[in-house]
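Take a look at the structure below.
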Amino acid sequence: MASVAVERPAERGVGVKRVGSRGVLLLVVLGVLWGVWEGFRAIGIHYGLTRPFTVDATSMPHIHDMFKALFERPNAEGPLLIVTLLEAAAFTAKEAALGFAMGSVGGFAIGALLAHSRMLQRGFLPYVVASQTVPILAIAPMVVIWFTNPNSTFHVTAWVAVAILASYLTFFPVAIATLRGLQATDHRAVELMRSYAANRWTVLWKLRFPTALPYLFSALKISATASIVGAIIGESPTSIAGGLGGAILNFAQFYSFQPQNLWATNIVAAALGIAFFLVVVGAERLVLRHAPENVA
Amino acid sequence: MSVVEIQGVSKEFKGGTVALQDIDLQIEQGEFVSLIGPSGCGKSTLLRVIGDLIEPSRGAVTVNGKSARQARQDHDYGIVFQDAVLYNWRTVAKNVALPLELAGWSRERRQARVEEMLDLVELRGFADHHPWQLSGGMQQRVSIARALSFDPALLLMDEPFGALDEMTRERMNAELLRIWEASKSTVVFVTHSIAEAVFLSTRIVVMSVRPGRISKVIPVDLAQPRGTATREEPRFFELATEVREALHLGGHVEVPA
Ligand SMILES: Nc1ncnc2c1ncn2[C@@H]1O[C@H](COP(=O)(O)OP(=O)(O)O)[C@@H](O)[C@H]1O
Ligand SMILES: [Mg+2]
């Protein structure tokens, strides 16, 4: 019938143009941030501002100095700062990736379990929520003592202990999103499944899980960055010096002499967080590409 | 043997709403039966009872001579709701194939049947589209194709065209008749449009509200096949009037369009 052709949907606008304008936007935003920082710095120093903090070369190094520091040697005979930091970032990334994986799988399992039964949900959800009020620094000593003692039959190396700590931050958003997502199913879609005499597993796999996926990815994006934070924080109670956490502690000590080094470290840490985030966004695009309205 | 046999069915929901009271109805092979009545008179409830999506409080329902439960498990009916209820993450073809997948059809058989179904609802060429790329009317055609894909003896439709504009609705009505004739299935069709009921049905079941009962059954003797001209026949208007009066006697104030 002729009417069919009329209703053909418009092609979606994708491609070079959109990517290009995004790149321009990014540059504009970065430029503005740079201008704000340097502008505030110049005004602060000129007028001797002491509020909200004393503005000087130590509290606010030049941005170009931060980037310049990356290509200098903090110790005369040592490697370039960027080499040290990239090695540290790789190490932290390893911890964070394992923590992210463990936390996501664990969070999904918890969410799926709670979604399965209202009673479990009522019984356990409060504790899942409460777990997040215990700061990671408070559970770190326990994790270290439980899992890294070489005399224990089951023990792990220090970096895996950090991953366990990171997973503690990552499981929660995933658990909550899984729970919500698995319950977000339209009741008529369930009735439809029932009309096909589908069993519980089929409904879970063919309907509830796909419905939950967009929720899951939103949570994974949060978890991806949280896993970096968790790994960085987890490195100090586990006395790991080779990661970004170690680098931050180290450069914090020498802040008054070389503030730009700590700032440079922060830049690398932020870049790592963004990289993790983008990996999840990429995975989301890949998995949900057929339903773009679901992609945040 | 009747396709649907309803005997003394009542349904009282928790909280005391009597949605259905003493419903008796037999539907024969090849019939197109419309349920019409004011909002809340239990049309959807009756359809769900037939489909074993809810259980009646009293009475018995058999479908194809079996209990409603057995019929559901045997995939004896396909259902279409007011909204298409398509799975957004599946293509049109995969939406249509869903019941076949669940019934364990092989990939080749599925593919062949999906093509056949998309031809039937005139959506060939949209197999790889996603639901959100289609108009409301097209989505509903996909949902009809899905319901018919496993060749059920019975098609249950709950106001399937209620959300469409009048023009699209009339076109869909004509298409549904064509599909019904081609597939030789039995249809139970819920609507609150008098014109739609008269145009489509071989029999119209008029229901009244509080409690939900059958107030009148009107056989529709318009000649088959029906087309645009049918809507202009004097008999069409006579029947529409008869349905309207039956709805009035049912005691509700608002007259559906
Ligand atoms: N699941 C339910 N629980 C309680 N009451 C319901 C439920 N489903 C329908 N009802 C009530 O039963 C009556 C009939 O509903 P329904 O069959 O949906 O009517 P119709 O489809 O004719 O508009 C209404 O009063 C409605 O509020
Ligand atoms: Mg209804």
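Just so you know, in region B:47-60 the residues that are under 17 Å from the mean Cα position of the chain (by Cα) and surrounded by fewer than 24 Cβ atoms within 10 Å (Cβ to Cβ) include one that is farthest from ligand 2 (Cβ to nearest atom), and it is B:D52.
Restricting attention to region B:7-18, does a residue exist that is more than 16 Å from ligand 2 (Cβ to nearest atom), outside the structural domain of B:I194 (by TED's automatic domain parsing) and either touching a Gly at 6+ places or on another chain (Cβ under 8 Å) or among the basic types (K, R) (or both)? No, region B:7-18 contains no residue that is more than 16 Å from ligand 2 (Cβ to nearest atom), outside the structural domain of B:I194 (by TED's automatic domain parsing) and either touching a Gly at 6+ places or on another chain (Cβ under 8 Å) or among the basic types (K, R) (or both). Scanning region B:162-192 for residues that are farther than 19 Å from B:P225 by Cα and within 13 Å of ligand 2 (Cβ to nearest atom) yields B:G162, B:A163, B:V190, B:T191, B:H192.
If the condition is being of a type in the set (S, T, N, Q), within 12 Å of another protein chain (Cβ to nearest Cβ) and assigned to a helix (DSSP H, G or I), then region B:43-85 contributes B:S44, B:Q70, B:Q73. For region B:145-159, the count of residues that are more than 9 Å from chain A (Cβ to nearest Cβ), crowded, with 21+ Cβ neighbours inside 10 Å and hydroxyl-bearing (S, T, Y) is nonzero. Here A:V55, A:V19 are screened, and the one residue that is more than 30 Å from A:G234 (Cα to Cα) and assigned to a loop (DSSP other than H, G, I, E, B) is A:V55.
The lone criterion from (1) within 16 Å of ligand 1 (Cβ to nearest atom); (2) part of a loop (DSSP other than H, G, I, E, B) left unmet by B:E122 is number (1).
Screening region B:139-257 for strands (runs of 3 or more DSSP E) wholly inside it with 2 or more residues that are over 24 Å from B:D119 (Cα atoms) and within 15 Å of ligand 1 (Cβ to nearest atom) returns the ranges B:186-191, B:203-208, B:213-219. Among residues of region A:246-260 that are of a type in the set (A, V, I, L, M), those with a Cβ under 8 angstrom from a residue that is in a loop (DSSP other than H, G, I, E, B), sequence gap 6+ or separate chain, pair up as A:L249/A:S236. In the set A:A247, A:A270, A:A264, A:A224, only one residue is crowded, with 21+ Cβ neighbours inside 10 Å, under 26 Å from A:A175 (Cα atoms) and in the same structural domain as A:W159 (by TED's automatic domain parsing); that residue is A:A224.
For B:I214, the requirement of being among the hydrophobic types (A, V, I, L, M, F, W, C), more than 13 Å from B:V33 (Cβ to Cβ) and buried (at least 17 other Cβ atoms within 10 Å of the Cβ) is not met. For region B:20-46, taking the residues that are surrounded by fewer than 23 Cβ atoms within 10 Å (Cβ to Cβ) and on the phi > 0 side of the Ramachandran plot, the one that is farthest from ligand 2 (Cβ to nearest atom) is identified as B:G30.
The set of residues in region A:190-201 that are surrounded by 15 or more Cβ atoms within 10 Å (Cβ to Cβ) and either under 15 Å from B:L86 (Cβ atoms) or within 33 Å of the chain's Cα centre (by Cα) (or both) comprises A:V190, A:E191, A:L192, A:M193, A:S195, A:Y196. Take the conditions (1) free of Cβ contacts under 8 Å to residues at least 40 places away in the same chain; (2) open to solvent by less than 60 Å² (accessible area, probe 1.4 Å); (3) over 22 Å from A:T225 (Cβ atoms); (4) in a helix (DSSP H, G or I); A:P126 misses just one of them, which is (2).
Scanning region B:86-111 for residues that are open to solvent by 60 Å² or more (accessible area, probe 1.4 Å) and assigned to a helix (DSSP H, G or I), which turns out farthest from ligand 2 (Cβ to nearest atom)? Only one residue fits best here, namely B:E108. Consider region A:136-189 and keep the residues that are touching a helix residue (DSSP H, G or I) at 6+ places or on another chain (Cβ under 7 Å) and within 14 Å of chain B (Cβ to nearest Cβ). The one that is surrounded by the fewest Cβ atoms within 10 Å (Cβ to Cβ) is A:A184. Across region A:275-287, a minimum of one residue is classified as buried (at least 19 other Cβ atoms within 10 Å of the Cβ), part of a helix (DSSP H, G or I) and within 14 Å of another protein chain (Cβ to nearest Cβ). Total residues in region A:63-81 satisfying the condition of being in contact (Cβ under 8 Å) with a residue 60 or more places away in the chain and open to solvent by less than 70 Å² (accessible area, probe 1.4 Å): the figure is 6. If you check B:Q70, B:Q111 for being more than 24 Å from A:R208 (Cα to Cα) and in the same structural domain as B:A174 (by TED's automatic domain parsing), only one passes: B:Q70. When A:L213 is tested against (1) within 14 Å of chain B (Cβ to nearest Cβ); (2) over 17 Å from A:G107 (Cβ atoms), only condition (2) is not met. Return yes or no: is B:Q21 at pLDDT below 95 and away from ligand 1 (no atom under 16 Å from the Cβ)? It is false that B:Q21 is at pLDDT below 95 and away from ligand 1 (no atom under 16 Å from the Cβ).
The values are calculated or read from the model by the stated rules, or taken from the named source; none is laboratory data. In this text, all values refer to a predicted model and were calculated from it rather than measured experimentally. Note that we place each Cβ from the backbone using ideal geometry, even for glycine, and neighbour counts take in every protein chain shown. SASA here: full protein model, heavy atoms, side chains in, ligands and nucleic acids out. Shrake-Rupley method; radii C 1.70, N 1.55, O 1.52, S 1.80 Å.
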